[in-house]
1. What percent does the relative contact order of the chain come to when contacts are Cα pairs within less than 8 Å and at least six residues apart?
2. Roughly how many whole Å is it from the C-alpha centroid of the stretch 63-103 to that of the stretch 105-126?
3. Charges at C-beta only: +1 for Lys and Arg, -1 for Asp and Glu. How large is the resulting dipole of the chain about its Cα centre, in Debye rounded to 20?
4. Please give the net charge around residue 77, taking every other residue with its beta carbon less than 14 angstrom from that of residue 77, where Lys and Arg add +1 and Asp and Glu add -1.
5. Counting only other residues whose beta carbon sits under 14 Å from that of residue 45, what net charge do I get with K and R as +1, D and E as -1?
6. Viscosity 0.890 mPa s, temperature 25 °C: what is the translational diffusion coefficient of the stretch 1-110 from Stokes-Einstein with a Kirkwood Rh over Cα pairs, rounded to a whole number of µm²/s?
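Nothing in this text is a laboratory measurement; each read-out follows from the coordinates by a stated rule. Given the structure is predicted, the values throughout are model-derived calculations rather than measurements. So basically every Cβ, Gly included, is an ideal-geometry build from the backbone, and we count neighbours across all protein chains shown.
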Amino acid sequence: MIKQEIKLAAPVEKIYNILTNSQHFSEMTGGAPAQITAVEGAEFSCFGGMIHGRNIELVENQRIILAWRAKPWKQGLYSIVSFELIAAGAHTRLILTHTGFAEDQQQHLAQGWQDNYWQPMQQYLQR
């Protein structure tokens, strides 16, 4: 299991929109293609299809739960990703929980969240 907590300089509404809107997510990642909607049950893809899956549960501005997989993984293998958004004044505490992946992927995935989500998001929010 991977559990990461990050404090972001934006209200929960903005963070939720970045994570559930194709245009905002793509802008955050420097133009990487994304197909994301804020619709429960809808499929999503990001980073040009390198990551894809399905929205399992969406609680607006509070929680996002995804069936999430990387393209190279064995067909049918999905992990579960949860983003919990907690208002902290003008900031958001985001708690990521990622479970259900092969043990040998943990270090790679943990670093991937930092490199591909949190660092670009921090930079995007400073614009």
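1. On the way: 241 pairs, mean separation 35.7, N = 127.
Once divided by the residue count of the chain, the mean separation gives 28 percent.
2. 12
3. Using Cβ point charges on Lys, Arg, Asp and Glu, the chain gives about 120 debye.
4. Residues near residue 77 contribute +2 overall.
5. +2
6. It comes out at roughly 172 µm²/s.
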